[in-house]
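Notes for the one structure printed next.
The values are calculated or read from the model by the stated rules, or taken from the named source; none is laboratory data. Worth saying up front: this structure is predicted, and the values here are computed from it rather than measured. Every residue, glycine as well, gets a Cβ built from its backbone with ideal geometry; the counts of neighbours run over all protein chains shown. Each accessible area value is taken on the protein alone, full model and side chains, heavy atoms only, with ligands, DNA and RNA left out. Shrake-Rupley method; radii C 1.70, N 1.55, O 1.52, S 1.80 Å.
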Amino acid sequence: MIFKYIEIYISLTLILASFASAILQGPYVDYDYISPPPAEYISVTIDRAYRLLTTNSSDYAVEAYAWVFNGGYFNFGIFTRDGGGWTACNWSGDIYKNPSSTIEFKGVCTPSKEHRDLGLPMFYKPSANVHYTWVQSVDLYGVGSVCTAILRQPSLDRVEIEEVGRAYRFRVYVKAPASDSTITLEVSQGDKRVYSVLKTVSTKLSSACVVLRVDFGPVEPRRCGRYDVEVVVSSGNYTGRWSGSVEAKVPCTTTGTITATATVTPTTTTPPLVRIVVSGDYATWRIKSSVDEISGSGVGNWNVRLGGTTDVLYAEIVKNPYGYVCTINPASLQVTAGGVYEFRITCARIQPVTVTVKDPFGV
């Protein structure tokens, strides 16, 4: 009998070791072709927290793992959203990690009764004396709403590509995901695979009205030419595929020989640019130069075209998150082409006003 127990123990140990190695196995990247993001989520589990013996059955318990490419400080959050903006429900605090390692984040969130969406953003800064920037998220839309739709099969809804400077971020949307899903992104140039990430998402909260969003990147191509992208979603018994491509924003070099008497005349002129960094809190903002205008929500990096080697940038808040009032500083800034400039958003919660009305009948 004792040998049977030993056999069971060894089998369980091998299973657990195999599961741990699967989590610790990082994505594939060919650094000659791709600059990866600071980190990628590789495993996310979202469950009801009553399984952890809490009293509020609407609480969420989150367990997430991320693979680190670039060493530095990371911060993970649990956000909820009602009819307004996103509200922080839990924070991991600063976590410092070296490259080629994993980060574990666990947290519990007690949302408002009116919440509809749940988000798990990842933030990064390379050193302690700079601001955090948003990297990517795993979100569940409609998870807090009452669902009256009939049962639906999972389906790959769409893939969005966001340009982040010279890099690309990919957003994958899955409708009515099963309790366990895997989403794979593979980037190749020609017949050569240069980037591959597999993410597992276990929601335990699936319904016909839920939409799962999973981000990849941003990844930056390092060689010129076209990069082919394929996304594969496996959710329950469903498998969906999406294919697309992006163009590297790096100049191609010719292999021919130019003699000393040859002259080269440029056919295009690169417009003067500056790179802006938006940091701090979340709000919808707009930044203008004399010839260009960009807008966005949250933090990140963007290029702005200038009307000359120097120009003036004007910044403003377009929309405040629900329950907050925000400012962006500086409101105007003189800039020079080729520079990097930071605009910081600061938001303050609007304090509720209590009004006391005296009963006219004196009751």
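Points to keep in mind about this one:
- Residues of segment 281-318 satisfying the condition of being open to solvent by 60 Å² or more (accessible area, probe 1.4 Å), under 25 Å from residue 79 (Cα atoms) and either aromatic (Phe, Trp, Tyr) or modelled with pLDDT of 85 or more (or both): 282, 286, 316, 318
- Of the numbered criteria (1) touching a strand residue (DSSP E or B) at 6+ places or on another chain (Cβ under 7 Å); (2) open to solvent by 20 Å² or more (accessible area, probe 1.4 Å), the one residue 83 fails is (1).
- When segment 320-341 is limited to residues that are at pLDDT 85 or above and under 23 Å from the mean Cα position of the chain (by Cα), the one that is surrounded by the fewest Cβ atoms within 10 Å (Cβ to Cβ) turns out to be 341.
- Residue match in segment 58-66 (condition: out of contact with any Lys or Arg (no Cβ under 9 Å at 6 or more places or on another chain), at pLDDT below 90 and not aliphatic (A, V, I, L, M)): no
- Answer from 31, 41 - the residue that is modelled with pLDDT of 90 or more, outside any helix (DSSP H, G or I) and surrounded by fewer than 18 Cβ atoms within 10 Å (Cβ to Cβ): 31
- Residue count, segment 198-209 (criterion: in contact with a strand residue (DSSP E or B) (Cβ under 8 Å, 6 or more places away or on another chain), surrounded by fewer than 23 Cβ atoms within 10 Å (Cβ to Cβ) and of a type in the set (A, V, I, L, M, F, W, C)): 2
- For the condition charged (D, E, K, R), under 29 Å from residue 217 (Cα atoms) and touching a residue at least 60 places away in the same chain (Cβ under 8 Å), residue 305 does not qualify.
- Filter pass, residue 241 being in the same structural domain as residue 165 (by the TED database), of a type in the set (D, E, K, R), surrounded by fewer than 16 Cβ atoms within 10 Å (Cβ to Cβ) and assigned to a strand (DSSP E or B): yes
- Some residue of segment 111-126 being part of a loop (DSSP other than H, G, I, E, B), in contact (Cβ under 8 Å) with a residue 40 or more places away in the chain and farther than 27 Å from residue 248 by Cβ: yes
- Considering residues of segment 68-110 that are assigned to a loop (DSSP other than H, G, I, E, B) and not small (Gly, Ala, Ser) only, the residue farthest from the chain's Cα centre (by Cα): 110
- Checking 150, 183 one by one, the residue that is aliphatic (A, V, I, L, M) and exposed (fewer than 14 other Cβ atoms within 10 Å of the Cβ) is 150 and no other.
- Matching residues in segment 186-196 - criterion: being open to solvent by 10 Å² or more (accessible area, probe 1.4 Å) and either touching a residue at least 12 places away in the same chain (Cβ under 8 Å) or within 18 Å of residue 154 (Cβ to Cβ) (or both): 186, 188, 189, 192, 193, 196
- Total residues in segment 104-156 satisfying the condition of being farther than 18 Å from residue 207 by Cβ, in contact with a Pro (Cβ under 7 Å, 6 or more places away or on another chain) and modelled with pLDDT under 90: the figure is 0.
- Output for segment 95-127, where each listed residue is open to solvent by 80 Å² or more (accessible area, probe 1.4 Å) and touching a Ser or Thr at 6+ places or on another chain (Cβ under 7 Å): 116
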